[in-house]
Amino acid sequence: MNRKFLKRVVYTACCAVVIASCTTTPSGRSQLILKSEAALELEGARQFNIIRETVPLVNNRDTIDYVACVANAIVDELDGPAADMYWELAIVDQPDVNAYVLPGGKIVVKAGLLSVTANQDQLAAVIGHEVAHVTSHHSNERASRAAVTGFGIDVAAILLGGPYGRNTNAAYGALSTGVMFGLSNPFSRKQESEADLIGLEYMAMAGFDPRQSVELWKNMNAANTSRIPEFLSTHPSGDTRIDDLVSHYAKTLALYNQAQAEGKYPDCRR
Ligand SMILES: [Zn+2]
């Protein structure tokens, strides 16, 4: 039996145990968290609400409208269950160059990201990436893995950390259940690459220029950020990533041209 196969068998067995114990105790206490996509979405919404209550948010109307304009244009391109989700957006008033997403379509953008994204198309590259994590069910995949490996608190701290010390305890408390879900663990490299390419298609379908994604990654490489943003974590080097994006131009530029032919010219500005 080769090692890879053995690993898969063990992983499958562990998952089976997890799913088997996915029940409610007689007292009504939930014993397991990986019950379904719906459970993950509920937890995503719960965490999102707590973030909105405990972390300072950007109140500037122009900034909110700008990010919402880009996010709406991308979400409008979705179909199936993702189109019916209750997508929400929070812009956190923190200087980090970062964005992330919670299950159920809850997008969190940190204000620092807006200083690195030079235009609507570059912002669309990040938001498209985050939306792709949701439509690809990456959180569920990740949570299942976390259930058998059980790590995540440090990453949780990174997600809600930052200069707002007064919120630290609340943030940890808010995320305690989320950590159990594995929602705070990083996505895998494979998931990140997948989100890149699916996100690129979303932005192009919405009428954003996919070539700006490469400019964004150049900006990111040049920016001296102390933390690795979610959308860059576990990724290959910037040059490899740019090569991947360029290699998909044929498909994404065709989508972009088609969007423009359909009259999709997003005009999102600050
Ligand atoms: Zn990502």
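The values are calculated or read from the model by the stated rules, or taken from the named source; none is laboratory data. Small disclaimer: the values here were computed from a predicted structure and weren't measured. Neighbour counts are summed over all protein chains in view; Cβ atoms, including those assigned to glycine, are modelled from backbone coordinates with ideal geometry. To get the accessible areas, we keep the full protein, side chains included, count just its heavy atoms, and leave off ligands, DNA and RNA. Shrake-Rupley method; radii C 1.70, N 1.55, O 1.52, S 1.80 Å.
Remarks
- Within the range 97-122, tally of residues that are in contact with a helix residue (DSSP H, G or I) (Cβ under 8 Å, 6 or more places away or on another chain) and closer than 23 Å to residue 245 by Cβ: 16
- Any hit, the range 126-135, residues being open to solvent by 30 Å² or more (accessible area, probe 1.4 Å) and within 15 Å of the ligand (Cβ to nearest atom): yes
- The listed residue being open to solvent by less than 40 Å² (accessible area, probe 1.4 Å), under 19 Å from the mean Cα position of the chain (by Cα) and at pLDDT below 75, out of 236, 210, 186: 236
- Flag: residue 153 matches the condition of being at pLDDT below 90, away from the ligand (no atom under 15 Å from the Cβ) and open to solvent by 10 Å² or more (accessible area, probe 1.4 Å).
- Within the range 98-110, not a single residue is more than 16 Å from the ligand (Cβ to nearest atom), in contact with a Cys (Cβ under 9 Å, 6 or more places away or on another chain) and open to solvent by less than 50 Å² (accessible area, probe 1.4 Å).
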